[in-house]
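Peer 1: Take this structure first; my questions come after.
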Amino acid sequence: MLSRNRELVLLLAAFVLASCICIAVAGLAAGSQAAICVLACAVVLGVVVGVSTRARYRAIGRLSHELDQCLNGTRRLNLAQAREGELAILSNEIDKVFQRLAITTEQLEAERTLLSDSLADISHQLKTPLTSLSIMTDLVHARIVEDGTHLTEKDVADLAERLRAIEGLQERVSWLVSALLKLARMDAGTIALAHATVRAGDVVRGAIAPLAIPFDLADVALITRIDDKASFTGDLSWSIEALQNVLKNSLEHTPAGGTVTIDVVEDPLACRLIVTDTGPGIDEEDLPHIFERFYRGSAKHAESAEVNPAGVGIGLALARSLVVAQDGRIRARNVHDADGTVTGAQFEIAFFKATV
């Protein structure tokens with residue numbers, strides 16, 4: 001150990017030199033007996049220092065061995081072995097670092113798994129509409145090339161219908177990509193949310209304006225009951241985005257002749273935007289998961305999601321992210337009549353006035 005440890009060599013040399021000087025001074029000043037006494041004290045002190053140094057370096061060696069095992073993943077440091085002393089404090093601090101690294105590693109592994117699953121889901125959800133687009137485009141092209149000069153009025157109508165379907169699929173793919181980009185920006189924390197007073201009525205009017213035609217085409221009535229005094233602290237634009245995604249979801253699941261109602265109420269605790277539809281409601285097994293990304297739900301809803309990218313849970317996941325980013329909360333439940341029959345689904349967005 002001495003040949004490999006410069007610190008020990010210097011310590012031993014300094015100790016021997018100091019001992020020799022002390023012995024010489026004692027011999028010159030008080031005689032040989034004093035020199036012998038100093039020599040004996042130096043020997044005893046040397047033994048004590050040697051034993052103490054050896055114990056300290058053995059402890060350092062054990063700690064180094066444990067660190068090597070931790071780095072190789074064969075064991076983890078244990079806080080239960082902590083004792084008093086500088087080395088124990090150092091061991092505890094190193095243990096904290098390793099615990100933090102272990103937690104970070106687990107988080108990174110979970111995020112990597114989530115990213116992998118998300119990419120697989122994105123690929124799956126984009127594949128269906130893009131495949132449909134390719135098939136429909138090929139059919140339209142073949143019809144025009146083969147029968148372009150012999151198209152009947154019925155053929156023209158059929159082609160127009162196919163083109164409308166292509167346009168719809170393009171819009172849905174564009175919506176899906178846009179929603180995914182917004183979710184990615186939310187995850188990365190690059191969306192700057194305003195922190196200003198927002199009138200809830202402005203949020204509702206901003207959300208329903210671009211949906212007026214889709215509601216008319218679907219033959220679904222849209223009813224609003226707004227408390228114009230209701231307001232909250234948040235971001236107007238992103239709040240409109242969140243409510244709009246909830247309204248799109250309700251529209252998609254409300255049959256023709258149905259109704260979607262928006263209620264805006266304010267109480268001492270929060271400003272609430274409540275969307276209620278007259279659709280089939282939400283399966284009880286799906287309720288805890290409908291705000292999860294790419295959650296496909298029960299079989300009957302999964303089938304519709306295959307042809308409708310807007311029905312794969314992205315909209316509700318984005319709505320939740322935007323609401324939570326403003327310290328709000330969004331919940332979903334089924335509405336029942338007096339007989340307990342489900343009469344529709346209800347979503348409640350709450351922006352709280354204070355943190356409880």
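Peer 1: Checking residue 234 against (1) under 17 Å from residue 249 (Cα atoms); (2) in contact with a Gly (Cβ under 8 Å, 6 or more places away or on another chain), which test does it fail?
Peer 2: Going through (1) under 17 Å from residue 249 (Cα atoms); (2) in contact with a Gly (Cβ under 8 Å, 6 or more places away or on another chain) one by one, residue 234 breaks only (1).
Peer 1: Would you point out which residue out of 335, 324, 275, 265 is farther than 26 Å from residue 169 by Cα, part of a helix (DSSP H, G or I) and modelled with pLDDT of 90 or more?
Peer 2: Testing whether each residue is farther than 26 Å from residue 169 by Cα, part of a helix (DSSP H, G or I) and modelled with pLDDT of 90 or more leaves just 324.
Peer 1: Sticking with this one: Taking the conditions exactly as written (surrounded by 16 or more Cβ atoms within 10 Å (Cβ to Cβ), assigned by TED's automatic domain parsing to the domain that holds residue 241 and modelled with pLDDT under 90), does residue 313 satisfy them or not?
Peer 2: yes
Table: residues versus (1) surrounded by 15 or more Cβ atoms within 10 Å (Cβ to Cβ); (2) farther than 18 Å from residue 320 by Cα.
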{"residue": "166", "(1), (2)": "yes, yes"}
{"residue": "175", "(1), (2)": "yes, no"}
{"residue": "183", "(1), (2)": "yes, no"}
{"residue": "202", "(1), (2)": "yes, yes"}
{"residue": "205", "(1), (2)": "no, yes"}
{"residue": "208", "(1), (2)": "yes, yes"}
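Peer 1: Let me ask something else. Can you tell me which residue in the stretch 217-270 is surrounded by the most Cβ atoms within 10 Å (Cβ to Cβ), limited to those that are free of Cβ contacts under 8 Å to residues at least 40 places away in the same chain and hydrophobic (A, V, I, L, M, F, W, C)?
Peer 2: This residue is 240.
Peer 1: Within the stretch 63-72, is there a residue that is exposed (fewer than 14 other Cβ atoms within 10 Å of the Cβ), at pLDDT below 70 and either within 57 Å of the chain's Cα centre (by Cα) or in the same structural domain as residue 295 (by TED's automatic domain parsing) (or both)?
Peer 2: There is at least one residue in the stretch 63-72 that is exposed (fewer than 14 other Cβ atoms within 10 Å of the Cβ), at pLDDT below 70 and either within 57 Å of the chain's Cα centre (by Cα) or in the same structural domain as residue 295 (by TED's automatic domain parsing) (or both).
Peer 1: A follow-up question, please. Report yes if residue 232 is among the aromatic types (Phe, Trp, Tyr) and within 28 Å of the chain's Cα centre (by Cα), otherwise no.
Peer 2: So residue 232 passes the test.
The values are calculated or read from the model by the stated rules, or taken from the named source; none is laboratory data. In this text, all values refer to a predicted model and were calculated from it rather than measured experimentally. So basically every Cβ, Gly included, is an ideal-geometry build from the backbone, and we count neighbours across all protein chains shown.
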